[in-house]
Amino acid sequence: MGFPLLGETLQFFSPNTTNDIPPFVKERMKRYGPVFKTSIVGRPVIVSADPDLNHFVFLQEGQLFQSWYPDTFTEIFGRQNVGSLHGFMYKYLKNMVLNLFGPENLKKMLPEVERTACRRLQRWSNEETVELKEATASMIFDLTAKKLISYDQDNATQNLRENFVAFIQGLISFPLDIPGTAYHKCLQGRKNAMKMLKNLLNERRAMQGKSRNDFFYFVLEELQKEGTILTEAIALDLMFVLLFASFETTSLALTSAIKFLSDDPSVLKKLREEHEAILRNREDTDSGLTWKEYKSMTYTFQFINETVRLANIVPGIFRKALREIQFKGYTIPAGWAVMVCPPAVHLNPAKYQDPLTFNPSRWEGVEINGATKSFMAFGGGLRFCVGTDFTKVQMAVFLHCLVTKY
């Protein structure tokens, strides 16, 4: 359990430069097996690399376990953030988000996603070098911010994204809130972003009736309903989390995808063949991507699955035991946190042959809807990521533009 109070926090937060299971988890798995206990930021935590326990934790959401994050994360994302809300309130917010990122809206968004990807690629092709993580994050942030809050970076007086960049740089850092530390910059970034979001919401209130197709419009409608359970604080925290989650995770996935593509010519060839076939089968070669074409990208979806399996963008998913639980001879005490570790599942040689090898064909004939015991790149259970389809659309469309035009 490490030192008193400090526990193993420093080892847990130490940077990891491998594609493998984080050393913190890997070393302890060797010593103690797939389930072990530790202490992080003053809390006892069970770390699980056991597929059965992970699956059980997700299935028992709301009964035996509930979503939980260390106090530092709650401080950063807001006390009313969607990760800290439970039961009816969580389901209510989830339905609000699905309203915006559900299949019907994604079909309408497809042309815009394609235009955005093509425009950005064209812009990058005229530059000597492109910092890909930064460039894809900017592309996705602009698109998401437009959909959520009709925010247009080119015409804005303040740069909203800059605050998110400051926020991200201190997100996984030691929680020391004094000027100069990454954590302090992170909290300042959040404060500034929340202030901007509040101002934008107030502006929108003043111009009732305009922009009827973004998320702010839904929020204002909900806030005005009689007996609503939505508060302005919850709505703003939700907006903040959605903006953060969409651009940070998807840009990491796209950056990894392009690295894997450039490392493996045979995968690139296969991907290119699939997308060139889509263009060949079109009656009008100048028309944009259709939903039917998007749904036909079989190899692309295998490629995306393999990318997110290896990229392991979310290193840990936290829950809290609501009462004492017995599982496979272990006792999980009530109130203890449980950290499900997706990398340990995705890189398990018992499930994936040569787990560190990038091989999209391993997904051939595998139908994945939601999470499974051995694949949880988008979470699992009740809290399966609501933005999964939006992420896949953005990745597939970007790859389509990239391999057919460049």
- Cα lying deepest toward the dipole's positive end in the chain, options Phe240, Ile140, Trp68, charges on Cβ: Trp68
- Item | Over the chain: helical MRE at 222 nm, DSSP H runs n ≥ 4 each giving -39500 (n - 2.57), nearest 500 | -17500 deg cm²/dmol
- Task: State the percentage of accessible surface on the chain attributable to carbon and sulfur atoms; use a 1.4 Å probe and exclude ligands, DNA and RNA.
- Result: 53 percent
- Query: Using 7 Å Cα-to-Cβ label points, what is the Asp284/Leu10 separation (nm, one decimal)?
  - Reply: 6.5 nm
- Enumerate the helices in the chain for which the Kyte-Doolittle hydropathy averages -0.5 or more and the C-alpha atoms extend at least 30 Å along the helix's axis, using complete DSSP H runs. 232-263
- Please report how far the C-alpha centroid of region 88-119 lies from that of region 386-406, rounded to the nearest whole angstrom. 14 Å
- Query: About its Cα centre, how strong a charge dipole does the chain have in debye, to the nearest 20, once Lys and Arg get +1 and Asp and Glu get -1 at the Cβ?
  - Reply: 640 debye
- Using amide H atoms built 1.01 Å from N in the peptide plane, name the residues 5+ places from Ser39, or on other chains, whose amide H lies under 5 Å from its own. Glu8, Val45
- Item | Contour excess over end-to-end distance, with Cα ends at Lys373 and Ala334 and 0.36 nm allotted per residue | 11.6 nm
- One would report the antiparallel percent of DSSP beta bridges in region 8-404, rounded to the nearest 5, as 75 percent
- Counting only protein heavy atoms and rolling a 1.4 Å probe, one gets per residue an accessible area for the chain in Å² of 49 Å²
- Note the full-extension length gain between Ala206 and Glu226 as 0.36 nm times their separation in residues minus their Cα-Cα distance, in nm to one decimal. 5.2 nm
- Compute the length gained on full extension between Ala350 and Lys146: take 0.36 nm times their separation in residues and subtract their Cα-Cα distance, giving the result in nm to one decimal. 69.1 nm
- Exposed GluC sites (Glu not before Pro) being those in a DSSP loop with at most 13 other Cβ atoms within 10 Å, the longest stretch of the chain free of them is 1-126
- Global form of region 8-404, assessed from the alpha-carbon gyration tensor, a/c cut-off 1.5: oblate
- Message: Suppose each label sits 7 Å from its Cα in the direction of the beta carbon; what would the Arg31-Ser296 distance come out to in nanometres?
- Response: 5.5 nm
- Query: Just by accessible area at a 1.4 angstrom probe, what is the order of Cys186, Cys118 from largest to smallest?
  - Reply: Cys118, Cys186
- Simple spin-label model, 7 Å along Cα-to-Cβ: Gln122 to Glu104 in nm? 3.3 nm
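The values are calculated or read from the model by the stated rules, or taken from the named source; none is laboratory data. Computed from a predicted structure; not experimentally measured. Note that we place each Cβ from the backbone using ideal geometry, even for glycine, and neighbour counts take in every protein chain shown. Ligands, DNA and RNA are excluded from the accessible area calculation, which covers all protein heavy atoms including side chains. Shrake-Rupley method; radii C 1.70, N 1.55, O 1.52, S 1.80 Å.
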